[in-house]
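Encoded as structure tokens, the structure appears first; notes follow it.
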Amino acid sequence: MAAHSSCNFALANPIISQNDSFSKQKLSVPLYFFSTRNPLKSLTNPWLGVADSSSLSLNSPVSALQSNRRRIHKSVVSSLPTANQDLVVSDEKKPKWSWRGIKSFAMGELEARKLKYPNTGTEALLMGILIEGTSFTSKFLRANKIMLYKVREETIKLLGKADLYFFSPEHPPLTEDAQRALDSALDQNLKAGGIGEVMPAHILLGIWSQVESPGHKILATLGFTDEKAKELESFASKPGFLDE
């Protein structure tokens, strides 16, 4: 009676009966399991397609690029804008800007945007030199107690705060003073025979040459003088000076 009832129970429960028959019969199709050594060989999902491990091997082009990736040191050949047509020369004679000079200019643009100013002026170029921070010129300024926060404070005193709801363009255009300062930096390099790169030292001297510019006034307020400018110029004119 007990055996008869258990049989009926099994028939009444198809899941149990299927499991019991599954354990007793031999499978007609073998089960496939992922290999523990290379699971990609068994990935044959019809929806995803066949994943062949050879396509992801270490010899693939992507892996080759990643394995051969290395730092390539190249000199900066970019040039900053100039409005003086006399300074526009052939590519062979065109002065090259050092990467610190390029970065100083970029940081100056960014500082102008942070202060919500519509233009990149000489004051922004000065802050860019200090923000870059690794050049000899930035260290020279800090040694003479000309710090970034002081320049920023003097800039706000001189030019005022911008409208809170004003949004600067991505690349705030140069003011006339800032453009002349960059042209002066190029001119210094050309007068020296075009040897070497245009560096933050040349940009700072260009800012100082624009007597009526905000950058010059801020430098003068913070104690920068013609004597200090001549001292920096003497360093910049030395052969092999890298502004670092």
Could we say that residue 147 is in contact with a Lys or Arg (Cβ under 7 Å, 6 or more places away or on another chain) and closer than 25 Å to residue 227 by Cβ here? no
Which one is most open to solvent (accessible area, probe 1.4 Å) among residues in segment 132-150 that are under 14 Å from residue 215 (Cβ atoms) and in contact (Cβ under 8 Å) with a residue 24 or more places away in the chain? 150
May I ask you to list the residues in segment 207-230 that are in contact (Cβ under 8 Å) with a residue 40 or more places away in the chain and not polar (S, T, N, Q)? 207, 214, 215, 216, 217, 218, 219, 222, 223, 224, 228
Based on what the data block shows, is residue 161 under 24 Å from residue 205 (Cβ atoms) and either outside any loop (DSSP other than H, G, I, E, B) or open to solvent by 100 Å² or more (accessible area, probe 1.4 Å) (or both)? no
Among the numbered criteria (1) assigned to a loop (DSSP other than H, G, I, E, B); (2) at pLDDT 95 or above; (3) open to solvent by 10 Å² or more (accessible area, probe 1.4 Å), which single criterion is violated by residue 169? (2)
Could you check how many residues of segment 191-244 are assigned to a helix (DSSP H, G or I) and either within 17 Å of residue 129 (Cα to Cα) or open to solvent by less than 50 Å² (accessible area, probe 1.4 Å) (or both)? 23
Which residue, of 153, 176, is more than 27 Å from the chain's Cα centre (by Cα), open to solvent by 40 Å² or more (accessible area, probe 1.4 Å), at pLDDT 95 or above and more than 27 Å from residue 242 (Cβ to Cβ)? 176
Top-ranked residue in segment 118-143 [being part of a loop (DSSP other than H, G, I, E, B) and in contact with a Ser or Thr (Cβ under 9 Å, 6 or more places away or on another chain); ranked as farthest from residue 102 (Cα to Cα)]: 118
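The values are calculated or read from the model by the stated rules, or taken from the named source; none is laboratory data. None of these values were measured; they are calculated from a predicted model. Note that each Cβ is placed from the backbone with ideal geometry, even for glycine, and that neighbours are counted across all protein chains shown. Areas reflect the complete protein model, heavy atoms only, side chains present, ligands, DNA and RNA absent. Shrake-Rupley method; radii C 1.70, N 1.55, O 1.52, S 1.80 Å.
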